[in-house]
Amino acid sequence: MVLSKPSFEQGPIRPPNEANSLLLRLTRNCPWNRCLFCPVYKTKDFSRRSMEEVKADVHHIAEDKEKIKEISRQEGYGGEINRAVVARVHAGFPELLPVAFWQYHGGETVFLQDGDSLQLPADQVAEILVLLKEKFPEISRITTYARSRTILRRSVEELKTLQQAGLDRIHVGMESGSDQVLAFMKKGVTGAQHLEAGQRVKEAGLSLSEYVLLGLGGQGMWRDHAQETAKVLNGIDPHFIRFRTLAIHSNTPLAEEVRKGNFKPLHDDEVIREQALLIDNIEGITSYIYSDHILNLLEEINGRLPEEKPRLKNTLDSYLNLPNRKRELFRLGRRAGYFRTLADMDNPSLKTAVESIYQEVKSGGYSIDDYIKQLLRRFI
Ligand code: SF4
């Protein structure tokens with residue numbers, strides 16, 4: 001089958017929890033594009049899309065929705081978008097697939113792309129939000145990425161305008177609250193600016209998701225990374241804290257820093273020690289913590305603060321207190337896709353499967369660390 005392009009433009013990334021959302025592109029790529037660790041837009045220039053282009057996309061999406069309903073009626077499903085209709089679209093009308101998939105998942109959530117939508121004037125973003133709500137009254141949540149520096153160029157009043165027009169949540173790539181780490185990584189923002197931007201988003205009545213990149217301090221700055229990030233999070237009290245774990249892509253400036261010996265990455269166990277210190281330093285906030293990314297070693301670090309902090313800390317300590325071989329076994333099982341939680345190591349069939357890979361790797365003369373690195377390449 002020859003894949004046709006969708007009738008509207010889409011960018012490359014979205015947060016994992018927006019996997020079922022409609023992706024509507026307001027800008028292309030990232031206006032900063034200098035973070036050492038970030039591979040996403042490195043070879044691409046930033047541009048703002050015109051209002052006419054974005055509005056035309058909204059109209060195309062509405063037309064696609066009607067075409068899909070018609071296909072459903074022709075297939076005898078009375079306009080319902082079910083699996084069979086999605087399969088029919090996939091086979092015969094691939095250009096309609098993004099909208100069919102969105103409709104199949106309820107058609108209620110939208111993510112505005114790319115890396116920093118608030119680059120557009122607030123009144124323009126508001127106009128798009130209103131149009132979206134007009135065309136699709138069933139929409140219940142619209143979210144976007146924005147950089148802290150860009151948020152600081154918007155007043156609370158402007159952010160409130162966006163909230164009233166239909167924006168629900170801003171996802172901010174905080175990565176770290178440590179000025180040392182932020183400067184080294186060329187993030188172009190300070191901890192104080194992250195703090196002020198986060199507080200401003202909340203003051204405007206918007207929901208806020210802050211992304212923290214575990215491992216970003218490396219061997220030299222891990223303590224500062226953990227402690228200063230916790231400090232900034234304590235000052236913001238975001239609705240969500242989402243952990244990610246650093247993966248060093250070969251085509252990033254950070255890979256070059258590693259080659260030159262200027263950045264020494266953390267081992268998995270050290271990342272967990274850093275995460276434990278960070279959570280230890282979190283005080284007085286009510287955020288919900290998520291570890292919803294495949295690269296996080298312990299994806300069970302999910303829970304509401306403050307009541308679940310002891311459980312989260314316990315889980316991290318339990319991992320750190322495991323004997324060396326058991327930690328290796330868990331890491332191997334997690335990276336090979338067998339284990340999701342520490343408790344999975346008590347499942348006899350999963351344990352036997354991972355033990356057998358472990359023995360095979362060892363008897364082949366390989367190190368478990370090297371084997372795990374190979375496994376991780378699938379996700380980078
Ligand atoms: S601001 Fe975000 S998208 Fe832009 S380079 Fe940095 S991490 Fe990548």
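The values are calculated or read from the model by the stated rules, or taken from the named source; none is laboratory data. Because the structure is predicted, anything quoted here is derived from the model rather than measured. We place every Cβ from the backbone using ideal geometry, glycine too, and count neighbours over all the protein chains shown. Protein only, heavy atoms only, side chains kept; ligands, DNA and RNA dropped before computing areas. Shrake-Rupley method; radii C 1.70, N 1.55, O 1.52, S 1.80 Å.
Results, tabulated for the structure shown:
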| read-out | value |
| --- | --- |
| Criterion: open to solvent by less than 40 Å² (accessible area, probe 1.4 Å), more than 22 Å from the chain's Cα centre (by Cα) and of a type in the set (Val, Ile, Thr) - qualifying residue of Ile289, Ile301, Ile285, Ile368 | Ile368 |
| Yes/no for Lys351 being basic (Lys, Arg), surrounded by 15 or more Cβ atoms within 10 Å (Cβ to Cβ) and in a helix (DSSP H, G or I) | yes |
| Failed item, numbered, when Thr190 is tested on (1) open to solvent by 50 Å² or more (accessible area, probe 1.4 Å); (2) touching a residue at least 24 places away in the same chain (Cβ under 8 Å); (3) within 16 Å of the ligand (Cβ to nearest atom) | (2) |
| Matching residues in the stretch 182-205 - criterion: being small (Gly, Ala, Ser) and either outside the structural domain of Ala226 (by TED's automatic domain parsing) or out of contact with any Lys or Arg (no Cβ under 7 Å at 6 or more places or on another chain) (or both) | Ala183, Gly191, Ala192, Ala197, Gly198 |
| Residue list for the stretch 177-234, restricted to those being at positive phi and assigned to a helix (DSSP H, G or I) | Gly218 |
| Qualifying residue in the stretch 2-12 (condition: surrounded by fewer than 20 Cβ atoms within 10 Å (Cβ to Cβ) and closer than 27 Å to Ile241 by Cβ) | yes |
| Verdict on Asn302 being touching a strand residue (DSSP E or B) at 6+ places or on another chain (Cβ under 8 Å), on the phi < 0 side of the Ramachandran plot and of a type outside the set (Gly, Ala, Ser) | yes |
| Among (1) modelled with pLDDT of 95 or more; (2) open to solvent by less than 70 Å² (accessible area, probe 1.4 Å); (3) within 16 Å of the ligand (Cβ to nearest atom) - the single one Asp64 does not satisfy | (3) |
| Residue count, the stretch 105-137 (criterion: open to solvent by 60 Å² or more (accessible area, probe 1.4 Å), without any contact (Cβ under 8 Å) to a residue 60 or more places away in the chain and assigned to a loop (DSSP other than H, G, I, E, B)) | 2 |
| Qualifying residues in the stretch 149-169 (those that are touching a strand residue (DSSP E or B) at 6+ places or on another chain (Cβ under 6 Å) and open to solvent by less than 50 Å² (accessible area, probe 1.4 Å)) - the one nearest to the ligand (Cβ to nearest atom) | Arg169 |
| Answer residue from the stretch 25-39, given it is open to solvent by 20 Å² or more (accessible area, probe 1.4 Å) and touching a Phe, Trp or Tyr at 6+ places or on another chain (Cβ under 7 Å) and is farthest from the ligand (Cβ to nearest atom) among those | Arg28 |
| Residues of the stretch 67-114 that turn out to be within 16 Å of the ligand (Cβ to nearest atom), at pLDDT 95 or above and out of contact with any His (no Cβ under 9 Å at 6 or more places or on another chain), as a count | 2 |
